[in-house]
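Participant: Below is a structure I'd like to ask you about.
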Amino acid sequence: MPEWLQAWADFILPGNAFHACVAVGPLAIYLLLIGAINLARRPLLVSGTRDAAALGLALSGLLLVGPVDLFFPNAITMHVILLVRLLLLGFYVMCLVLVLLLLRPRLVIYNISVDQLRPVLAELVDKLDREARWAGDSLVLPGLGVQLHLDSFAPLRNVSLAAVGAKQNYLGWRQLEVSLRAALSKVEGVRNRAGAAILLGVGALLVAWLVGGIANDPQAVAQRLLETLNL
């Protein structure tokens, strides 16, 4: 087994509750948050940048625990460990920011179906741009400089308005986001109980597993935390 894969697997074994918290904790919180959103009756609109940033933070623990340890030689001093960890964390954050900056414009609407969104969006674009044109699930708003396509993910009842083509007007996307958020505030959807149950169930199981690991040996977890912070 490769060393980086073995490092990922090590925190699952008994005695590595601290690594488990670092690796799985952010992901568990993310699953609980998305599950709670699916229980809401109102649609929630977020920008693609925020949606991707939340996912990046959720996965940060899995990336930092395991591969990061490969950067630490056995003879490294404790005084250097904290500095190296901060540098590697900073590198990951910069990579995440770079990815976010390179992403094309996108809007994500949680807790809504395409059939519910289309009439709301159709009424809205008539007010924003009289020259708006539909082609199936694609929409062009020449006045705003926006070209998009509707992508849906039925299990979680969310729809994405994804940019099509490189020529996009970011101010037009911002105007569309503000107007669509106001229009969706008047829409009442249906709770996605099935999707919420899965997400909340998995998140709760992860949290229970982490709490059980900490309760099994709290002193070891506290000691590992102190060593990591070099206190």
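Since every read-out is calculated from the coordinates, none of them should be taken as a lab result. Just so you know, these numbers come straight off a predicted model, no measurement behind them. All Cβ positions, glycine included, derive from the backbone under ideal geometry; neighbour counts span all protein chains shown.
Participant: Could you size up the charge dipole of region 108-184 around its Cα centre, putting +1 on the beta carbon of Lys and Arg and -1 on that of Asp and Glu, and report it in debye to the nearest 20?
Facilitator: On the way: 8 positive and 8 negative charges, 29 e Å.
Here the size comes out at about 140 debye.
Participant: Another question, if that's okay. Take every Cα pair under 8 Å in region 147-231 that's 6+ residues apart, average their separations, divide by the length, and report that relative contact order as a whole percent. Mind showing how you got there, number by number?
Facilitator: Details: 31 pairs, mean separation 16.1, N = 85.
Value for region 147-231: 19 percent.
Participant: Once you list every other residue whose beta carbon is under 12 Å from the beta carbon of Asn111, what net charge do they have if Lys and Arg are +1 and Asp and Glu are -1? Each step should come with its number before you reach the end.
Facilitator: Working: positive: Arg41, Arg42, Arg157, Arg191, Arg193; negative: Glu188.
Cβ neighbours under 12 Å give a net charge of +4.
Participant: Which loop trypsin sites (Lys or Arg not before Pro) in region 139-176, with loop taken from DSSP, have no more than 12 other Cβ atoms within 10 angstrom of their Cβ? Write down the numbers at each step before the final one.
Facilitator: On the way: sites: Arg157, Lys167, Arg174; in loops: Arg157, Lys167.
Sites meeting the loop and neighbour criteria: Lys167.
Participant: Compute the distance from the alpha-carbon center of region 99-170 to that of region 178-194, in whole Å.
Facilitator: 15
Participant: Right, next: Could you give the length gained by full extension between Ala154 and Leu59, i.e. 0.36 nm per residue of separation minus their alpha carbon distance, to one decimal place?
Facilitator: Numbers: separation 95, 0.36 × 95 = 34.20 nm, distance 2.30 nm.
Working it through step by step, the gained length comes to 31.9 nm.
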